[in-house]
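Input: a single structure, listed below in structure tokens.
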Amino acid sequence: MEQKILELLNGIYPLDFIKVEAVTNEMFRCTANQGEYFARITNYKGYDEQLEEVTYTNYLYKEGLGVSPTIVSINGKVVEKITFNNNEVLTVLYKSALGKHLSKNQWNAKVLKELGRQIGKLHRISRTFEEINPTRYINDWYQNEEYAFLKYIPEEESTIRDVAQEILTKIKNIPKDNSNYGLLHGDLWLENILVDRNLKLSMVDFQDCEKNFYIFDLAVPIYSAIEYSFVGGGNIIEYGRGIAKAIIEGYQEENDLPKDMLDKLPLFIKLKEVFEYSLMHMYWNKERLTVEQIRIMNHFRMRIEKNHSFLDTDGLLII
């Protein structure tokens with residue numbers, strides 16, 4: 001497979017590729033004489049939406065945000081159609097981003113504050129982008145299949161379905177304007193952040209960019225940090241409060257954060273939690289669940305049913 005992709009890429013890009021390695025089913029690390037690149041090959045989203053996404057990320061790059069620029073093909077295109085395994089698929093080639101993935105214990109308050117600052121800058125630039133290039137193909141969050149919670153969470157899990165419906169209803173009823181709602185990354189897990197030795201951050205994987213309340217781009221890394229980077233030693237509630245405080249302080253240095261939206265941060269963290277649980281039902285093979293998958297699902301199920309809060313709401317009031 002890699003050899004075939006190598007031949008295809010060498011045929012459409014002005015680079016000399018010598019090696020291709022699969023990173024995921026749709027992302028490939030590509031080594032060329034000119035440097036390292038990543039090719040995304042997928043039909044996860046259609047041509048028009050991918051083109052709009054790439055136009056957006058290239059704009060962010062030109063405005064100085066740490067994102068990967070795309071490489072234009074020899075045909076002058078940033079999204080190319082190729083035939084692979086008798087199927088037409090879309091490919092986008094990115095220059096490798098600066099930085100590396102941090103280990104769990106390296107996600108300290110200083111790094112998280114810088115992350116908040118960069119998210120604030122992202123939203124500020126996104127607002128300008130939408131004024132110049134109104135989006136037509138990138139969806140509002142609730143239009144995406146991944147938010148069809150009641151379609152995937154089993155009917156017998158009535159408590160979780162009630163929680164999911166309540167969250168969706170509350171968020172859909174929040175008044176929105178360009179100060180609190182717009183184009184954002186949508187999937188800012190810590191794994192999608194690279195950091196270099198000078199604390200310069202790069203954001204990768206904008207494939208799930210969407211229109212949503214800006215606070216969601218803060219909820220996701222806070223949720224991710226509590227899930228991923230807490231290594232014990234101390235109180236996890238205090239840890240979560242410290243993470244939220246650092247990210248929000250950084251954000252407010254670059255962008256305004258309406259108080260009424262800050263108060264809703266726990267609601268959006270809960271949205272992310274139910275989102276992840278619904279994805280398990282959406283993508284995992286229920287007939288062949290591993291022991292680890294069963295453990296994870298049961299952990300989420302109990303947490304959601306008991307209405308466990310990831311973040312101490314009282315901790316937000318002092319920020």
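The values are calculated or read from the model by the stated rules, or taken from the named source; none is laboratory data. Predicted model, so just to flag it, every value in this text is computed and none were measured. With ideal geometry, Cβ positions are generated from the backbone for all residues, glycine too; neighbour counts draw on all protein chains shown. In case anyone asks, the SASA skips ligands and DNA or RNA and just uses the protein heavy atoms, side chains included. Shrake-Rupley method; radii C 1.70, N 1.55, O 1.52, S 1.80 Å.
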* **Over the chain: helical MRE at 222 nm, DSSP H runs n ≥ 4 each giving -39500 (n - 2.57), nearest 500** => -14500 deg cm²/dmol
* Starting from the Cα of Asp16, step 7 Å along the direction of its Cβ; do the same at Ile296; then give the gap between the two resulting points in nm. => 4.2 nm
* Asked: How far is helix 158-172 tilted, in degrees, relative to the longest principal axis of the Cα atoms in the chain, given as a value from 0 to 90 rounded to the nearest 10?
  -> 70 degrees
* Extension gain Glu276-Lys110, at 0.36 nm per residue separation less the Cα-Cα distance, in nm? -> 57.0 nm
* Once the Cα atoms of helix 216-228 and of the chain are each reduced to a long axis, what angle between those two axes, in degrees from 0 to 90 to the nearest 10, is obtained? -> 80 degrees
* Selected from Ile248, Met297, Ser309, residue furthest toward positive end of dipole (the chain; charges at beta carbon) -> Ile248
* Asked: In degrees from 0 to 90, rounded to the nearest 10, what is the angle of the helix 236-254 Cα long axis to the longest principal axis of the chain?
  -> 60 degrees
* Structure fact -> Listed residues Glu292, Glu114, Glu26; largest mean-square fluctuation, Gaussian network over the chain with Cα springs below 10 Å, found at Glu292
* Structure fact -> Between Lys151 and Lys81, the two model label points (7 Å from Cα along the beta-carbon direction) sit apart by a distance in nm of 2.5 nm
* Only one of the listed values, (1) 16.0; (2) 18.5; (3) 17.6, was derived from the coordinates as mean projected area of the Cα convex hull in nm²; which label is it? -> (3)
* Per residue, how much accessible area does the chain have with a 1.4 Å probe, in Å²? -> 48 Å²
* To do: On the protein heavy atoms, probe 1.4 angstrom, tell me the percent of accessible surface of the chain carried by carbon and sulfur.
  => 48 percent
* Assigned charges on the beta-carbon of Lys, Arg, Asp, Glu; the chain dipole about Cα centre (debye) -> 540 debye
* Asked: Taking a 29 Å limit on the Cα-Cα distance, which of the listed pairs Lys19/Lys45; Lys121/Lys270; Lys77/Lys272 fall beyond it?
  -> Lys77/Lys272
* To do: Give, rounded to the nearest 20 debye, the magnitude of the charge dipole that the range 168-319 has about its Cα centre when Lys and Arg contribute +1 at Cβ and Asp and Glu contribute -1 at Cβ.
  => 500 debye
* Structure fact -> As straight-line cross-link partners of Lys306, the qualifying aspartates and glutamates (C-alpha separation under 14 Å, not fewer than 8 residues apart within one chain) are Glu157, Asp162, Glu273
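Among the listed pairs Lys81/Lys211; Lys95/Lys286; Lys62/Lys176, which are separated by more than 31 Å between their Cα atoms?
Flagged as over cut-off: Lys95/Lys286.
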* **Label point at Tyr137 placed 7 Å out along Cα→Cβ; residues across the range 206-237 whose backbone nitrogen lies under 17 Å** => 206-211
* Asked: What accessible area, in Å² to the nearest ten, does a 1.4 Å probe give for Ser158?
  -> 60 Å²
